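The values are calculated or read from the model by the stated rules, or taken from the named source; none is laboratory data. Source: prediction; values computed, not measured. Note: ideal-geometry Cβ built from the backbone for every residue, glycine included; neighbour counts use all protein chains shown. When the accessible area is computed, the model is the full protein with side chains, heavy atoms only, and any ligands, DNA or RNA have been set aside. Shrake-Rupley method; radii C 1.70, N 1.55, O 1.52, S 1.80 Å.
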Amino acid sequence: MNRFLSLFLILVALVTAQDTTGIATITGRVLQADLSAASGLKVCAQEVNRCDTTKEDGTFRIVDVRSGLYTLVVTMANQVQLKATQVEARAGVESSLVVTLPKIDGVEQSITVSDAVFLPPEEVKNSGYLVGQREIFKSAGALQDVSRYIQTLPGIAIGSDDFRNDIIVRGGSPLENLFIVDNIEIPNINAFANFASAGGTVSLLDAALIQDVTFLTGGYPAPFINRTSGVLQIAQREGDREKFRGRATLGFAGAGTILEGPINKGKGSWIVSARRSFLDLFTDNIGFGGVPVAYTYNAKAVYDLSPRDRVWVANLSGNDRIRLGAAEGNDSSNGELNNLDIRYNGWRAATGFNWQRLFGERGVGLLGVTNSEARIRSTVKDLVRLGIPPASQSAAQQIAGAPTVFSENSSEGESTIKYDLTAYVAGLDKVQLGGSYKIFRLSYQTASPLGEDTPFSVVPGVNRFDVRTSFNAYQSGAYFQNTRNVGKRLNVTWGGRFDNYQYLGSTRFSPRAGVSYRLNDRMSLRGSYGTYYQQPFFQFLAVFPQNRGLVPWRADHFVGGFNATLSPTVRMTVEVYQKDYKDYPVSSQFPTLSLANVGDTFDVSSILFPLTSAGRGRVRGFEVFVEKRFSEKWFGQANFARQQARQGGLDGIRRPASFEYPYIFNAVGGYRLNPKWEFSVRAAYLMGRPFTPFNVAESTRQRRPIFDLNQVNAQRLPDYFRLDVRVDRNLKVWGKPLLLFFGAQNVTNRRNVAGFGWNRRTNNQLVNEQLGIFPNIGLDWRF
């Protein structure tokens with residue numbers, strides 16, 4: 001009988017940050033047949049001949065392997081080699097195995113692979129969450145949008161509107177999140193986005209191309225730059241290296257096609273996706289004066305130049321347009337949107353080339369060259385700015401006679417060259433270092449000729465501007481990080497980064513550190529600290545001259561936690577955290593207004609105002625998270641968060657922040673009834689967010705919204721609750737698998753309140769409601 005390894009292999013999809021060099025690590029433990037530790041054995045990934053020797057407790061760590069399938073070879077003390085069937089290593093995700101050796105006379109050729117177990121990460125000590133493609137693609141309420149699924153994770157909340165997919169991390173502004181796709185830093189991964197926001201309505205990413213998503217919500221390590229709340233890393237999958245395949249899809253983002261296939265007999269692969277929205281083919285008005293039209297494109301090609309050299313190119317792009325506002329047949333007294341005429345046209349693209357090189361036995365480098373471009377053209381007309389038009393006028397006549405209150409024809413470009421190196425050095429263990437250089441190309445033609453009727457001022461038409469400027473800016477950075485074991489139970493990560501913000505004339509050093517202490521094989525205590533800086537978006541800096549005097553704002557993260565593996569597929573975490581903000585941009589005119597309280601809006605002109613770096617704030621809270629990874633029949637996760645967020649304006653008074661939800665509860669799960677039927681459900685509860693009531697007397701007198709500045713964020717909206725469901729039916733058409741799905745968001749049709757507005761035609765306060773029941777129907781056919 002051949003001496004193959006018969007074992008219990010526990011394959012772990014570890015919750016860890018995707019490594020900055022895009023490589024994988026295979027870790028694990030080898031046990032004897034009696035479950036005692038097997039020390040002194042050589043364990044190798046055969047295809048790349050990368051090995052490690054098991055320690056006294058049987059643990060091993062094979063580092064710096066590329067994504068792919070590997071055969072594990074265990075060399076016994078008598079030099080007999082035992083082989084396991086292939087194990088998958090995935091880029092940026094750490095896979096861990098528990099290998100149980102059989103008695104020699106009982107060796108079989110079979111192999112048992114159990115479901116996923118969750119272990120603590122090495123570099124990321126706290127607040128890291130790994131999301132698979134299945135969860136995004138199949139979960140109720142996610143609409144196959146990665147950002148909407150992320151909203152179900154601990155401490156994450158929606159913005160002010162269900163229609164948007166903003167990510168609110170631990171009470172921070174949605175402007176504070178970093179997006180990375182296949183080592184490409186992308187300013188915004190969404191369609192219908194503007195330069196002064198980080199969200200949109202739908203993702204540019206096709207969920208069917210996603211392999212892994214890592215989301216970091218605090219205390220993240222030194223490689224990550226220029227964001228103060230969260231890091232969203234996305235690894236797209238490779239195309240099929242064996243044969244040509246295709247898929248046809250239909251869903252919330254539109255109808256599309258995915259094609260993929262091999263390059264040069266399997267040395268590489270390619271995959272492309274193209275989608276288009278389709279509602280405009282049936283109607284020109286879905287209730288708000290128009291229909292969104294979006295095209296999105298994703299592509300990736302990978303090629304192995306040699307066993308040590310891999311290159312890949314990835315592209316993410318899209319163009320979109322929409323018209324909102326007054327239209328024939330709309331009730332002009334129902335909602336402020338019918339007092340406007342908004343026209344938007346956007347285009348964005350990001351492309352990156354990466355060269356990954358394995359060095360010797362324990363080192364890897366990644367060179368990345370990326371470029372992103374975006375252009376936005378938009379106009380806003382205000383039909384009641386100069387007075388209420390006669391009821392006899394048609395919508396077209398009102399639009400023709402209305403003044404343009406905001407216009408934009410602007411572009412932003414960003415080119416980056418970066419290099420990341422991971423190596424294992426005697427006496428230091430794992431060392432990571434790298435650097436980047438960015439060139440920004442900015443061109444703004446933005447105007448607000450009549451000024452803004454901001455609700456913070458009783459004086460109308462403030463802050464008029466007409467910006468026509470083009471300029472370049474530069475940013476450079478470098479980091480160092482070391483992770484090592486101190487004894488058998490303690491693991492320490494420490495490091496820092498320097499960043500130079502040329503446009504602001506500022507240089508900053510950001511220390512980072514973290515520790516984990518293993519209580520036993522299933523439980524650990526963890527802690528992390530980091531200082532993070534972020535430059536205000538260039539559009540904020542360019543509009544008013546005084547904004548050039550801003551400095552990067554700062555956030556200090558303090559995180560502590562407890563991790564437990566409850567079973568091979570279930571883990572639990574408990575975390576406490578605090579974020580301290582300093583030098584946050586705040587209004588120099590309105591003492592209560594901070595940029596920390598804005599960002600989740602399509603109304604760009606309302607968040608462009610003179611700023612000064614004088615804001616301070618603090619967010620603190622705790623989170624409990626339990627997750628069951630998919631195995632056989634079901635998956636699910638539930639979490640509860642308690643938070644307190646306070647932000648101060650120029651007056652120095654720390655008030656409840658606009659993105660503070662004191663209590664957040666999320667639950668997501670799915671169940672496979674049989675090979676033909678599956679269903680999933682999501683429930684979300686958020687305690688009402690703060691809002692500022694109107695000064696009714698002054699608002700009525702001026703026929704526009706004006707806040708009561710004695711009650712800034714002093715009241716709360718009603719609590720938010722939403723229940724989503726989805727049912728999947730699997731069948732075959734012409735011998736090819738077809739998935740049909742149908743369901744709905746907010747199946748109870750609860751009237752959740754987004755906020756309050758002021759209708760200037762009827763001169764009274766109105767309630768802005770979130771989405772009611774919203775159908776979700778689609779298909780996925782593989783051919």
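Using all pairs of distinct alpha-carbon atoms, the Kirkwood hydrodynamic radius of segment 334-382 works out to 15.2 angstrom.
Multiplying the residue separation of residue 56 and residue 377 by 0.36 nm and removing their Cα-Cα distance gives an extension gain of 109.2 nm. Once the Cβ-Cβ distance of residue 86 and residue 255 is raised to the sixth power relative to R0 = 41 Å, the FRET efficiency obtained is 0.70. Coordinate range of the alpha-carbon atoms in segment 587-643 per principal axis, descending: 58, 27, 14 Å. By a 1.4 Å probe calculation restricted to protein chains, residue 533 has an accessible surface near 30 Å², given to the nearest 10.
Here the spin labels are modelled as points 7 Å beyond Cα on the Cα-Cβ line, and at residue 716 and residue 509 they lie 4.3 nm apart. Pairwise Cα separations in segment 337-452 fall into 10 Å bins from 0 onward with the following percentages, short to long: 12, 24, 18, 15, 12, 10, 6, 2, 0. Computed from the alpha carbon positions, the gyration tensor of segment 151-258 leads to an equivalent ellipsoid with semi-axes of 26, 18, 12 Å, biggest first. For segment 253-286, applying the loop criterion from DSSP together with a ceiling of 14 other beta carbons within 10 Å to the trypsin sites (Lys or Arg not before Pro) yields 265, 267. Could you list, in their original order, any pairs among 138/633; 243/267; 488/628; 125/579; 138/300 whose Cα atoms are separated by more than 18 Å? Going by Cα-Cα distance, 488/628; 138/300 fall outside the 18 Å limit. Using the Cβ-Cβ distance between residue 244 and residue 779 with R0 set to 22 Å, the FRET efficiency from 1/(1 + (r/R0)^6) comes to roughly 0.55. Compactness of segment 211-295 is given as radius of gyration and Dmax, 18.9, 52 Å, from Cα positions. In the chain, Cα pairs under 8 Å separated by at least six residues give a relative contact order of 10 percent.
Distance between the pseudo-spin-label points of residue 523 and residue 404 (7 Å out from Cα toward the beta carbon): 6.6 nm. Going by Cα centres, segment 489-534 and segment 694-766 are how many Å apart? Centre-to-centre distance over Cα atoms comes out at 38 Å. Would you mind getting me the FRET efficiency between residue 771 and residue 469? Use the beta-carbon distance for r and R0 = 45 Å, nearest 0.05. With a Förster radius of 45 Å, E is 0.75. Applying a DSSP loop filter and a limit of 11 other Cβ atoms within 10 Å to the GluC sites (Glu not before Pro) in segment 578-682 leaves 632. Rounded to two decimal places and with Rh computed the Kirkwood way over Cα pairs, what is Rg over Rh for segment 527-650? Here the Rg-to-Rh quotient is 1.14. The accessible area of residue 553, taken with all protein chains in place and a 1.4 Å probe, comes to roughly 0 Å². Among DSSP beta bridges whose residues both lie in the chain, state the antiparallel percentage, nearest 5. Of the beta bridges lying entirely in the chain, close to 95 percent run antiparallel.
Restriction of the GluC sites (Glu not before Pro) in segment 166-271 to DSSP coil positions whose beta-carbon has at most 13 other beta-carbons within 10 angstrom yields 242.
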